[in-house]
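One structure is given here, and the rest of the page talks about it.
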Amino acid sequence: MTTLLEPTIDLTARKVPLHRLVDVELRKLIDTRAGMWLLILIGAVIVLVEAVLVITAINFGEVAPWSVMFAVMATPLGLLLAVLGVMTVTSEWGQRTSLVTFSLEPRRMRVVLAKLLAGLLATVVLLLFTLVFTAALNQLQATIIGQDAIWDVPRSQLVGFGILHTSAFFLGFSFGMLIPNTPAALVAYFVFRFVVPGLLMTLGMFWDWFAPVVNWVHFSNALEAVLDVAPTSEAYWHLASATGLWVVLPLVLGSVLLVRREIK
């Protein structure tokens, strides 16, 4: 006589530690072909842009200020960190590893949190690399030219540089959560980055009633106002409103869709 055993779920099994999930997500960023080449591209862009600036400064015999080194990196680094934020989420679906991931850890929001922490860690490492690399180049070019290095970046500007580029990662991550497809999410982010600001300003010019609304929904302007030397209390409210619209709302909607999505 054969005894059939009823399948049961072991409720006493230990949860997968969060640090292990973060470690797995970091490995996905490094080990996968797309993630590895994106990180290589970010590093290469930092080195190439700064090298061109330093070679030009040495050629003209004028020391390039440290602030200029940060300024020329602002746009390309911000865009690439946004791409990193998108791919941190969407690569799970593009590479068809979601079934394995959510089978090993069925609590999907813990996986999302691990992805967010892994992406933030990678962002911090890249920002620290930018800081150290530009500082070393600043001193190197001054030594070659025979002048004193210009260290004209105050601590507040360093903090602002970090906040600005961390926000780019958060925006990319939010768009990736809302649109779980890498090309579509990237297109949506670039529309937000390059089309929406101009559209908002244009609507504010043609519609008088919309002009006050622009300050509450224009993310870039709100962030720059807060990073100003003396931000007002209203600037913080503008940033909170724009962040809620462009970061929190897509993240919440994407989380709801993720929880309800059928994993195939």
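The values are calculated or read from the model by the stated rules, or taken from the named source; none is laboratory data. Keep in mind that what you see is a predicted model, and the values were worked out from it rather than measured. When we count neighbours, we look across all protein chains shown, and the Cβ atoms used for this are built from the backbone with ideal geometry, even at glycine.
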Any residue at all in segment 256-264 that is exposed (fewer than 14 other Cβ atoms within 10 Å of the Cβ), at pLDDT below 85 and outside any loop (DSSP other than H, G, I, E, B)? yes
Among PHE175, PHE206, which is out of contact with any strand residue (DSSP E or B) (no Cβ under 6 Å at 6 or more places or on another chain), aromatic (Phe, Trp, Tyr) and surrounded by fewer than 18 Cβ atoms within 10 Å (Cβ to Cβ)? PHE206
Could you tell me which of the residues LEU158, LEU131, LEU121 is under 15 Å from the mean Cα position of the chain (by Cα) and part of a helix (DSSP H, G or I)? LEU121
Please verify whether ALA34 is modelled with pLDDT of 85 or more and of a type in the set (Gly, Ala, Ser), treating the condition exactly as stated. no
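Here is a check on your reading of the model: is ALA168 closer than 27 Å to ALA64 by Cβ and part of a helix (DSSP H, G or I)?
Taking the combined requirement at face value, the residue satisfies it.
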Out of (1) closer than 26 Å to ILE163 by Cβ; (2) assigned to a helix (DSSP H, G or I), what's the single condition that is false for ALA64? (2)
Per the list (1) under 15 Å from LEU79 (Cα atoms); (2) at pLDDT 90 or above, residue check on LEU131 breaks on (1)
In this structure, is ASN215 without any contact (Cβ under 8 Å) to a residue 24 or more places away in the chain and polar (S, T, N, Q)? yes
Within segment 75-108, the residues that are among the hydrophobic types (A, V, I, L, M, F, W, C) and surrounded by fewer than 16 Cβ atoms within 10 Å (Cβ to Cβ) are LEU99, VAL100, LEU104
Enumeration of residues in segment 18-27 that are closer than 21 Å to LEU128 by Cβ and either of a type in the set (Ser, Thr, Tyr) or crowded, with 18+ Cβ neighbours inside 10 Å (or both): VAL22, GLU25, LEU26
